[in-house]
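The structure appears right after this line, and notes come after that.
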Amino acid sequence: MCLCICLGSGRWHEEFSLERSRCRDMRELGLLEGLFGEWKQLQTLSLRFVPLTAACVHMLPNLQELCLTADAVQCSLEAIEAVGACSKLRRLTLTAAPRVCGHSTAFTRPAQRVLQRCSSLEEVALSRITLDHEFFIQLSRCVGGKLRTLRLDKCKWPVGIANAGAQQEARRNTEEGSMARALQGLGALQELEVNNCPPFRDGVLFDLAAVPIRSLQRFALRNVHGIDVGDVALLSMAAAYSDIEDLCITADTNGCNSLSDAFLDALVQPELLPRLQRLCLRGFYSLTSEVVSSVRASRPHLVFQWAQLQPQTA
């Protein structure tokens, strides 16, 4: 077992970090209960594979930032739900680390209840958690409050049923339409970052372009797979969000051919994304250096990162 402890400076021990390798050892639990019982003013807490109970969380009424990486063995579901009692919480990072599959369904409802109760949340980052329609509805409600930044990493959610048959097709359309309505609240964020989430594709971009409130200033979509995102959807979103200053779309290690010069040709016109300051397009084989040069010439103040992934040769 590897253990790393970091104490923040200050009279009231405002910051505490504890990291260890994954194991079933729960010996640190007593230590944490003793420390948290004394450190009532703790504001920033970071725990990685550290045992945590609801009783420990209830000792932290002044917690403002929480970064938690755990599975259901070290961290009980009751402990995650108890985070909802931290009324001053502004930043939450929750990373599920399931031992078998790549995503956790166990953390879905506890995390949703935290979002429901913590009305002061401004930034939320979720990783390896399975989300659903109800979860996105709650996210939309948080955006209507103080939530301004959302980061999703390796999360997944249902995108309908890909089977034939009239009855199954109707069910698929109903589920996709329901998810589209749930996702619409994301348009009112200031920052949205999505990494390696296969359900986030053209259809979601069209949905975001159609929402009534559009406030995004920074949008990052990383590790796009295959043909998941193309010119038409990205142009639709770019036309809808004129306040975007930072746009980042990157392909995965296999590259992506669905984004072509058509997007950059449109970007030469100053009417599209007039406030754009930073643009990152990496891993798209179809982009040509000539059009890239045209964009740079038409927008001399734009920080443009572009690099094609070169296929390996024997």
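For the reader, a short list of remarks on this structure follows.
- Within the stretch 39-61, the only residue that satisfies the criterion of being more than 20 Å from Ser127 (Cα to Cα), of a type in the set (Gly, Ala, Ser) and open to solvent by less than 50 Å² (accessible area, probe 1.4 Å) is Ala54.
- Yes/no for Gln64 being over 23 Å from Asp132 (Cβ atoms) and either buried (at least 16 other Cβ atoms within 10 Å of the Cβ) or among the basic types (Lys, Arg) (or both): yes
- Pick from the stretch 259-293, criterion among the small types (Gly, Ala, Ser) and closer than 19 Å to Ala239 by Cβ, ranking: modelled with the lowest pLDDT: Ser260
- Top-ranked residue of the stretch 255-276 - restricted to ones that are within 22 Å of the chain's Cα centre (by Cα) and not small (Gly, Ala, Ser), ranked as nearest to Glu191 (Cα to Cα): Leu276
- Residue count for the stretch 251-260, restricted to those that are surrounded by fewer than 17 Cβ atoms within 10 Å (Cβ to Cβ) and more than 19 Å from Arg151 (Cβ to Cβ): 4
Each row is one residue, and each column tells you yes or no for (1) within 19 Å of Ser46 (Cβ to Cβ); (2) free of Cβ contacts under 8 Å to residues at least 12 places away in the same chain; (3) crowded, with 19+ Cβ neighbours inside 10 Å.
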| site | (1), (2), (3) |
| --- | --- |
| Asp71 | yes, no, no |
| Ala79 | yes, no, yes |
| Val83 | yes, no, yes |
| Leu94 | yes, no, yes |
| Val114 | yes, no, yes |
| Arg117 | no, no, no |
| Glu123 | yes, no, no |
| Ser127 | yes, no, yes |
| His133 | no, no, no |
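- Cβ pairs under 8 Å, 6+ apart, first in the stretch 36-53 and at negative phi, second among the β-branched types (Val, Ile, Thr): Leu47/Thr69; Arg48/Thr69
- Residue pairs whose Cβ atoms lie under 6 Å apart, separated by 6 or more positions or on different chains, with the first residue in the stretch 251-274 and within 16 Å of Leu287 (Cβ to Cβ) and the second at pLDDT below 90 and among the aromatic types (Phe, Trp, Tyr), are Ala251/Phe284; Gly255/Tyr285; Cys256/Phe284; Asn257/Tyr285; Leu259/Phe284.
- Residue in the stretch 253-265 that is part of a strand (DSSP E or B) and over 14 Å from Gln305 (Cα atoms) present: yes
The values are calculated or read from the model by the stated rules, or taken from the named source; none is laboratory data. Quick caveat, the model's predicted, so the values are computed rather than measured. Quick reminder, even Gly has a Cβ in these numbers, built from the backbone with ideal geometry, and neighbours come from all protein chains shown. Only protein heavy atoms, including side chains, enter the accessible area calculation; ligands, DNA and RNA are left aside. Shrake-Rupley method; radii C 1.70, N 1.55, O 1.52, S 1.80 Å.
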